[in-house]
Amino acid sequence: FDAETGDAPDDYYILYVNKETNKLAVMRYIVSYPEYFKDGGHAPEKFTEFIGEQTVDGITMPGGFKTYWTVKDDQPGDYITKIDFTDVSFEKELPKGFFDAPADAK
């Protein structure tokens with residue numbers, strides 16, 4: 001996207017894919033959402049390691065992830081949190097308009 005696109009134009013995401021499995025292994029990202037950072041700043045970069053694996057309705061996805069602050073040399077630093085993906089399901093039918101933008105969307 002061009003500069004100034006979206007609500008948080010300074011956000012970025014860097015994805016690392018495992019060469020052997022071709023599955024997402026790590027994501028680094030910055031959150032700069034203006035409602036959180038009124039001075040135009042952003043949170044420090046985070047390092048997210050995807051862990052485990054589960055298959056639901058034939059779709060394979062991570063079992064969860066662990067998040068760390070990123071330190072020099074793009075390595076994980078201090079541990080922040082662990083999130084487990086549980087009770088995952090997929091709907092075969094969705095109501096008409098499910099993905100429509102809200103009427104007041106910009």
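The values are calculated or read from the model by the stated rules, or taken from the named source; none is laboratory data. Predicted model, so just to flag it, every value in this text is computed and none were measured. Every residue, glycine among them, receives a Cβ derived from its backbone with ideal geometry; neighbour counts consider all protein chains shown. Just so you know, the surface numbers come from the protein's heavy atoms only, side chains and all, with ligands and any DNA or RNA stripped out. Shrake-Rupley method; radii C 1.70, N 1.55, O 1.52, S 1.80 Å.
Descriptive notes on the structure:
- Test: residue in the stretch 57-77 that is acidic (Asp, Glu) and more than 18 Å from MET27 (Cα to Cα): yes
- Within the stretch 64-88, residues that are within 14 Å of GLU45 (Cα to Cα) and of a type in the set (Phe, Trp, Tyr) have Cβ atoms under 7 Å from residues that are part of a strand (DSSP E or B) and open to solvent by 70 Å² or more (accessible area, probe 1.4 Å) in these pairs: TYR68/ASP78; TYR68/TYR79; TRP69/ASP78, counting only partners at least 6 apart in sequence or on another chain.
- Looking across the stretch 13-23, the residues that are open to solvent by 70 Å² or more (accessible area, probe 1.4 Å) and not hydroxyl-bearing (Ser, Thr, Tyr) come down to LEU15, VAL17, LYS19, GLU20, ASN22, LYS23.
- Across the stretch 6-52, the qualifying residues are those that are part of a strand (DSSP E or B) and among the charged types (D, E, K, R), and the one among them that is modelled with the highest pLDDT is GLU49.
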